[in-house]
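J.: Sharing a structure below in structure tokens format, with a few things to ask.
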Ligand code: SF4
């Protein structure tokens, strides 16, 4: 996997806010004034829909205007995905215009970089969409685990799946996960079941397994 650095440039009055972003979102925070002009600047929508052949994709740095992303995030992310997939650089800057919270936008960019296998920081919790087979209240559990695991730096994918029939197979690409059956939780690693535990103990067992994997 490549290791693109995700950085944010903010006005001076926002430096302290940006420095307290959740773990893993920004690799560096700097002042907007320190950003020099080199690199590929994405300032307006037209820059996102330009033909790829017109873009200097070998450049080391891309700078994206935060106001563009804030106003049209889904469309911008879609267009950005095709640019990043062909890019060969190492620094992606978000130039944020004010002291409003940039967490949501940065998280979306970090997720996009991870999906494109350009950057990975910390634990990513993946939960199944749930269906009639689901044996537990999955989404609150996924949210709870996401919060508990937020400070872990290792780039692991953790899957939370609603049923033991399809869960381990559907989450085969995850490093570790839990799939729920009637009254039980199945701990699995890369799609293979390694342990069966009472459902009430499943969350703790998963956390212990993640700790073990991080210690290795
Ligand atoms: S893992 Fe099981 S519960 Fe979740 S969506 Fe797939 S079939 Fe449904």
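Bear in mind these aren't lab numbers, they're just calculated from the coordinates by the rules spelled out. Note that this is a predicted model, so its numbers are computed, not measured. Here the Cβ is made from the backbone with ideal geometry for all residues, glycine too, and neighbour counts use every protein chain on show.
J.: Quick check on my filter: what residues within the range 24-49 are surrounded by fewer than 17 Cβ atoms within 10 Å (Cβ to Cβ) and in a loop (DSSP other than H, G, I, E, B)?
T.: 27, 35, 36, 37, 38, 43, 44
J.: In the range 109-154, which residue that is over 23 Å from residue 180 (Cβ atoms) and touching a strand residue (DSSP E or B) at 6+ places or on another chain (Cβ under 7 Å) is surrounded by the most Cβ atoms within 10 Å (Cβ to Cβ)?
T.: 109
J.: Tell me which residues, restricted to the range 187-199, are closer than 17 Å to residue 142 by Cβ and surrounded by fewer than 22 Cβ atoms within 10 Å (Cβ to Cβ).
T.: Filtering the range 187-199 down to residues closer than 17 Å to residue 142 by Cβ leaves 187-188, 199.
Once the filter is applied, which keeps residues that are closer than 17 Å to residue 142 by Cβ and surrounded by fewer than 22 Cβ atoms within 10 Å (Cβ to Cβ), the range 187-199 yields 187, 199.
J.: Within 10 Å of the chain's Cα centre (by Cα) and surrounded by fewer than 16 Cβ atoms within 10 Å (Cβ to Cβ), is that true of residue 98?
T.: Judged against the criteria, residue 98 is not a match.
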